[in-house]
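Provided herewith is a single structure, encoded as structure tokens, for subsequent inquiry.
The values are calculated or read from the model by the stated rules, or taken from the named source; none is laboratory data. Note that the structure is predicted; figures quoted are calculated from it, not measured. We place every Cβ from the backbone using ideal geometry, glycine too, and count neighbours over all the protein chains shown.
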């Protein structure tokens, strides 16, 4: 079973600033993953040409309609205050932004969680010689989408082999991201094991390990591409057999400012 996490950056190319959803979809499909968690996904937003990016990626990856789920975090375009509002649920036809999960394996159950927004004081970029100033930056609410998939080998008899896969994108504020990770851990307690968490957690491995003592499946810097210095994108497992073999790697995907994480699991 191969899983992957991709921060799509709305399909925007880091070098040119242009959005190319088809290029992103081809790059994600090339990973060959059975389940892909995608962050920073646009749905019907003007900046990405009104594309339903989840549907475009699902088609490219050979995922059926019932194997793809977009979870809106906000309605509207995140960024400036007043340009978006929290999404209590995904509303079909409503321009939105959030996370997606794509599965080529049969999905036995879908679940979603939404966590409140916060804000953080971040450095404001000023002209040379103007000093350094902090400004309060609004954060958007965050979403978690989970699928319980059937990971039985093709042709295997017997019952289903449920594996829970979660995808999320946490706050850029470290304190808020830690609180969200704790909330996610509580929420996921009753999901079937083994469980794999994928996503841009906006936290380095040391902090993630203290908050969430699950098994890390990949190690390596993922941000900022093309020359990453820190790992913000993670794959973690809970309830995996101690002798389960895993192989993880970091890959460049399209023009995103994050590198993807890809993991092969021998369940």
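One line per residue, one yes/no per condition, for (1) crowded, with 17+ Cβ neighbours inside 10 Å; (2) over 23 Å from residue 12 (Cβ atoms); (3) modelled with pLDDT under 95:
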{"position": "47", "(1), (2), (3)": "no, no, yes"}
{"position": "50", "(1), (2), (3)": "no, no, no"}
{"position": "99", "(1), (2), (3)": "yes, no, no"}
{"position": "110", "(1), (2), (3)": "no, yes, no"}
{"position": "116", "(1), (2), (3)": "no, yes, yes"}
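Please verify whether the range 162-185 includes one or more residues that are loosely packed, with under 15 Cβ neighbours inside 10 Å and more than 26 Å from residue 220 (Cα to Cα).
no
Can you name the number of the only condition in (1) crowded, with 24+ Cβ neighbours inside 10 Å; (2) assigned to a helix (DSSP H, G or I) that residue 4 fails?
(2)
Suppose we filter 17, 67 for residues that are free of Cβ contacts under 8 Å to residues at least 40 places away in the same chain and either at positive phi or in contact with a helix residue (DSSP H, G or I) (Cβ under 8 Å, 6 or more places away or on another chain) (or both); which single one remains?
On inspection, the qualifying residue turns out to be 17.
Would you confirm whether or not the range 219-227 contains a residue that is in contact (Cβ under 8 Å) with a residue 24 or more places away in the chain and assigned to a helix (DSSP H, G or I)?
Checking the range 219-227: not a single residue is in contact (Cβ under 8 Å) with a residue 24 or more places away in the chain and assigned to a helix (DSSP H, G or I).
Determine which member of the set 58, 37, 33, 71 is in contact with a strand residue (DSSP E or B) (Cβ under 6 Å, 6 or more places away or on another chain), buried (at least 23 other Cβ atoms within 10 Å of the Cβ) and part of a loop (DSSP other than H, G, I, E, B).
None of the other options fit; the residue is 33.
Can you tell me which of (1) at negative phi; (2) modelled with pLDDT of 95 or more; (3) surrounded by fewer than 22 Cβ atoms within 10 Å (Cβ to Cβ) is the one residue 77 doesn't meet?
Answer for residue 77: the failing condition is (2).
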